[in-house]
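First up is the structure itself, then whatever we jot down about it.
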Amino acid sequence: MTISLMPLPYALDALEPHISSKTLEIHHGAHHKTYVDKLNAAIEGSDNADKSVEEITKLASGPLFNNAAQTWNHGFYWHSLNPAKTAPSVELLAAIEADFGSLDALLEALSAEAVNHFASGWAWLVVDGGKLKVISTHDAGTPITTDVNPLITIDVWEHAYYIDQQNKRPVYVKTVLENLINWDFASENFARGTAWTYPA
Ligand code: FE2
């Protein structure tokens, strides 16, 4: 079994002007593709050859973990973005209001986590033990190695924003939070209650 480079769920220019087609072309076609290619090269002919991205991520360490986790994280990130205006489901909004007070308060917490995370990594909205939480992971770190259910992520590696915003991560995070968060995806993940699965 070969792990696929998940196609983007939209056209390369679909997120403009917030995220340029050039950024998506390189982020998906070079960065994500390289993680997938290295993952496939590492598992070919091994005991992991027929395992899913999730299975490999949970059992691996070192470079194998990095490439598997980054394959999964990027697939999840593409779905976390959406050019259409979406809103949390009634159920998810109720949980947001119970755990953060308001949607604006959640967005502020997610913004602070994404902006203040040191160096490369990911900011996430997750469900942990029935409670919504904002967390971040370093480098290839991913919540699927724990029991939490991720709902949304923001890639805060520089390659996610350097072409469009250079070193201004706060501008990228604000742009994503105000224009691109896919609340339909978050709501589906919340309703399912278990982590999203990378397409085979
Ligand atoms: Fe990335």
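No lab work stands behind these numbers, since they all come straight from the coordinates. Values in this document were obtained by computation on a predicted structure and should not be read as measured data. Counting neighbours? That spans all protein chains shown, and the Cβs are built from the backbone with ideal geometry, glycine included.
Step by step: first the residues of the range 59-113, then only those that are under 18 Å from Trp196 (Cα atoms) and touching a strand residue (DSSP E or B) at 6+ places or on another chain (Cβ under 7 Å), then the one that is surrounded by the fewest Cβ atoms within 10 Å (Cβ to Cβ). Which residue is that? For the range 59-113, the residue satisfying everything is Tyr77. Within the range 1-47, the set of residues being outside any helix (DSSP H, G or I) and closer than 29 Å to Gly62 by Cα comprises Met1, Thr2, Ile3, Ser4, Leu5, Met6, Pro7, Leu8, Glu44, Gly45, Ser46, Asp47. Restricted to the range 114-157, and to residues there that are of a type in the set (A, V, I, L, M) and under 23 Å from Leu64 (Cα atoms), the residue that is surrounded by the most Cβ atoms within 10 Å (Cβ to Cβ) is Ile154. The set of residues from the range 71-116 being closer than 18 Å to Leu132 by Cβ and not in a helix (DSSP H, G or I) comprises Thr86, Ala87, Pro88, Ser89, Gly101, Ser102. Annotation: Lys33 fulfils all but one of (1) surrounded by 14 or more Cβ atoms within 10 Å (Cβ to Cβ); (2) more than 14 Å from the ligand (Cβ to nearest atom); (3) of a type in the set (D, E, K, R); the unmet one is (2). Confirm whether Ala68 is of a type in the set (Gly, Ala, Ser), in a helix (DSSP H, G or I) and either within 11 Å of the ligand (Cβ to nearest atom) or closer than 23 Å to Leu8 by Cα (or both). Here the answer is yes, as Ala68 does meet what is asked.
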